[in-house]
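What follows is one structure encoded as structure tokens, with my remarks underneath.
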Amino acid sequence: MGLFDFLKGPSPEQLARRAEAERRRADILNALAQGVVPNGVRTRLEGARNRTLPWTATLTPAELLIARSHGLKPIAAVAASCWLHYGWSWTEGHAEGWGMALRRLRDEAIAAGANAVLDVKMRTIPLRIDTSMDYTLIGTAVYVEGLPPSKEPIVATVPALEFVRLLEADVVPTGIAIGAHYEWLMPGTWGSDPNMRWMGNIESRQFSDLWNTVRDRAHQQLRVHARSQGNGVLAHLNFSQMFEDEDPNNRERKRYLARHIVVATTVDAKRGVPLSHGITPVVDIHAGATPLKPAGRHHESYSNESEGAI
Amino acid sequence: MASDIPVHAKERLKGLRSSAHSTGVFTSDFSVNEFLLVRKAGFEPIGLCVGTCVYHVGIQYGAWSKNQELDVLSKAMYHARELAMSRMRAEATAMGADGIVGVKLTIKRLEWDEHLLEFIAIGTGVVHGDGQKGFRAHDGGPFTSDLSGQDFWSLLHSGYRPVEMVMGSCVYHVAHRGMLSGFSNIGRNVELENFTSAMYEAREVAIERMQFEAAAAKAEGVVGVDIHEGSYGWHTHVIEFFAIGTAVLPLGEEIAPDKIADPIMVLSVND
């Protein structure tokens, strides 16, 4: 690379690369608008499925081992994103954003001719752009030897080891359910300040009630969303925040916002059937944290930081 | 590359290779479990291999309102990693290793110059106990892999062997948009498709490049793929998508599922 390269015009090779990039960009934008998988992605997935391209998997070798011993074969790492501007409602945005990403992930799994997507992780790209946020799901599409491709592949937010463990117990992880709810508390006039000015012990009923309502509704929504995918959920994560704010119509008054988000893995499980599971209890003499327990979090989208509108 | 290794380093490496002799010493960053499992898999560690590259990353600005790959930065990240990896591999070749396991690839920023990045590749060189050369990469050099000792053992037992650590990088500029706050009044949340498509493109390019490297290494698949995003002191709208994994090939012939021993399920009763 020369010092004055920037003075030269682009080379034919550079022009070809730019044109290629433009085509890819147009393809992706068009696919998002149509609600289909971009052609570039489709080519990559089909290549991995019919083995003209190397397969790719987010699985660790131990997971590959157990996947292989159970007849599961990896196809490709799949990923889906939805970048949402939550100017209207931050809380509801989470249900919308994850929901959209989930739909796109399923579409990619179908394009890959998969039976399931394993090891699905929830991610947020660490770019802070105004009041918007990215919802990304990354996982590995797999097929079961001898099974035809599924019309509705299952999406499992558990690592492959746990997926197999659940399958052996006749439990099928099916997808992700989300419940999100927020509510404003606007205290009335004199005497109803939810912040206690009293010196003794007393419950702040207004805040208690606020939280009860918000959490109730969020869990209700979770149940409704879960029912469309399975008959149960395994709790995944809970996230809640509360803010104090000025009433825009009356600066003298305070108002309070509470919001709660629940995200969980839905499962389809036979109820009331006893489990036959050959588990050997062991004492682990490993020093420090036991490697038998998974360490990493399966999501990195929620912390205790507060952000954004509602 | 091998000829670049200083004389004293060669001396040190020779000493390591003679680990079978009483005068030789092997070095590794293995934990006890890793050490035992690598040996159980039929390999012996011979020495830590290190490759370093301090790289001046060029300057490139994205057009303010345009989604685009910053290819000068992509190339820099790629080239610098490649240099660090190939130097590590040259050390391994010099000590006669059949492969390198547990490779850690890290990037550090140098405090006094925002354009200088330090790339470090470090891993443990291993040789096959029976002198089997079949484990080497397609070019006859040592295989590379970011797998830990435990993972290495598991991989061999699932019927695969590591070939090469493969990666793909794409540094991307996400377009700016004005007037976002105007959306708050339209009564619903809106997807910013421009941003979504930027994520798709950057990630796809990174995965494709990784897959291309795997195909070039004549691998069958890539295991342990990690796709992550990082920013190394760049502008706020610039981000690197990085895909990395270990390309693998079946051992001689792929093992049928029923021939793979079923792992025993255990439950730790430790608290």
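The values are calculated or read from the model by the stated rules, or taken from the named source; none is laboratory data. Because the structure is predicted, anything quoted here is derived from the model rather than measured. FYI the Cβ positions are ideal-geometry reconstructions off the backbone, even for glycines, and counts take in every protein chain you see.
Can A:L105 be described as away from chain B (no Cβ under 11 Å), within 30 Å of B:R177 (Cα to Cα) and in a helix (DSSP H, G or I)? Answer is yes for this residue.
Among the candidates B:E114, B:E82, the residue that is assigned to a loop (DSSP other than H, G, I, E, B) and out of contact with any strand residue (DSSP E or B) (no Cβ under 8 Å at 6 or more places or on another chain) is uniquely B:E114. Checking the structure you have, find out if any residue of the range B:179-194 is more than 9 Å from every other protein chain (Cβ to nearest Cβ) and within 22 Å of the chain's Cα centre (by Cα). The answer is no, given that none of the residues of the range B:179-194 is more than 9 Å from every other protein chain (Cβ to nearest Cβ) and within 22 Å of the chain's Cα centre (by Cα).
Counting residues in the range A:83-94 that are surrounded by 24 or more Cβ atoms within 10 Å (Cβ to Cβ) and closer than 30 Å to A:R165 by Cβ gives one or more. Figure legend. Inter-residue proximity from the range A:25-36: first residues facing chain B (nearest Cβ under 9 Å), second residues part of a helix (DSSP H, G or I) and among the aromatic types (F, W, Y), beta-carbon distance below 9 Å, spacing 6+ or different chains. Indicated pairs: A:I28/B:Y200; A:A31/B:Y200; A:L32/B:Y200. When only residues in the range B:154-176 that are within 7 Å of chain A (Cβ to nearest Cβ) and in a helix (DSSP H, G or I) count, which is farthest from the chain's Cα centre (by Cα)? Filtering the range B:154-176 for residues that are within 7 Å of chain A (Cβ to nearest Cβ) and in a helix (DSSP H, G or I), the one farthest from the chain's Cα centre (by Cα) comes out as B:H157. Residues of the range B:240-271 that are within 7 Å of chain A (Cβ to nearest Cβ) and at pLDDT below 85: B:P257, B:I260, B:D262, B:P263, B:I264, B:M265, B:V266, B:L267, B:S268, B:V269, B:N270. For the range A:141-162, the tally of residues that are in contact with a helix residue (DSSP H, G or I) (Cβ under 9 Å, 6 or more places away or on another chain), outside any strand (DSSP E or B) and farther than 29 Å from A:G93 by Cβ stands at 6. Against the conditions (1) crowded, with 21+ Cβ neighbours inside 10 Å; (2) at pLDDT below 90; (3) in contact with a helix residue (DSSP H, G or I) (Cβ under 6 Å, 6 or more places away or on another chain), where does B:E193 fall short? Just the number, please. Single failed check for B:E193: (1). Scoring A:T56 on the criteria (1) at pLDDT below 90; (2) at the interface with another protein chain (Cβ under 7 Å from one of its Cβ atoms) leaves a single failure, condition (1).
With respect to the conditions (1) under 17 Å from the mean Cα position of the chain (by Cα); (2) aliphatic (A, V, I, L, M); (3) part of a loop (DSSP other than H, G, I, E, B), B:M88 lacks only one, and its number is (3).
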